[in-house]
Amino acid sequence: SYKSESKLIGFFGRISYGYADRYNILVSVRHEGSSKFGANHKWGTFPSASLGWTISNEKFMKDVKWVNNLKLRAGFGVTGVIPNDPYQSLTRWTYNMPKSFILNSNPNPDLKWEKSTEFNIGLDWSILGERLSGTIDVYKKTTKDMLWWYDVPTPPNYYKQTLANVG
């Protein structure tokens, strides 16, 4: 029928705290569920946290007039990726002329969220009355459980390719 439908639900929480206009912390978590995944893995949890230290607001920087802003920060976070199309974890059939159906995908009840984890550390600065400013960032991103179509033998599979978390 070419009709497609999917559901996505999410819950989000965040806590932010700053102390003495120098130290900052932000912690958040997302918990999301999607009908696009297999029966065994509908839900994913995605935490993040960041820390910041505004060095330019410290007492020892009070007499350094040419530095307007100097902030050291670090962060960590996990993000999730959802397949584009619904029903990828189910056995699907396609209408084939004149009056028959053929298999179009293999079932995969273990299809789950592709997750990327990123760590970063950075330095923000501005000097000389904020006439010159910049940011330096270093990060590492790692992706696991990457969603990918790969070739499988038939039989025992119904169809020649399966979407799975293989990367």
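So the values come out like this:
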| read-out | value |
| --- | --- |
| Fraction of accessible area attributable to carbon and sulfur, the stretch 106-167 (%, probe 1.4 Å) | 55 percent |
| Span per principal axis, largest first, for the Cα atoms of the stretch 40-135 (Å) | 83, 28, 12 |
| Added length on full extension, which subtracts the Cα-Cα distance from 0.36 nm per residue, SER6 to TYR150 | 49.5 nm |
| Local net charge near SER6, Cβ-Cβ under 10 Å (Lys/Arg +1, Asp/Glu -1) | 0 |
| Residue-normalised accessible area of the chain, expressed per residue, 1.4 Å probe, Å² | 70 Å² |
| Additional length obtainable on full extension of the chain from ASN68 to LEU132, 0.36 nm per residue less Cα span | 22.1 nm |
| Solvent-accessible ranking of TYR159, TYR150, largest area first, probe 1.4 Å | TYR150, TYR159 |
| Estimated FRET transfer efficiency (ASN24, LYS59; beta-carbon r; R0 22 Å; 0.05) | 0.80 |
| Volume of the Cα convex hull of the chain, divided per residue and given in Å³ | 153 Å³ |
| Distance in nm between pseudo-label sites at ASN157 and THR143 (7 Å out along the Cβ direction from Cα) | 2.0 nm |
| Exposure of PHE11 as accessible area (Å², to 10), given a probe of 1.4 Å and all protein chains | 110 Å² |
| Exposure ranking of MET97, MET146, MET61 by accessible area [1.4 Å probe, largest first] | MET97, MET146, MET61 |
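The values are calculated or read from the model by the stated rules, or taken from the named source; none is laboratory data. It should be emphasised that the depicted structure is a prediction, and the values quoted were computed from it without experimental measurement. In this analysis, Cβ positions are derived from the backbone assuming ideal geometry, glycine residues included, and neighbour counts consider all displayed protein chains. Each accessible area value is taken on the protein alone, full model and side chains, heavy atoms only, with ligands, DNA and RNA left out. Shrake-Rupley method; radii C 1.70, N 1.55, O 1.52, S 1.80 Å.
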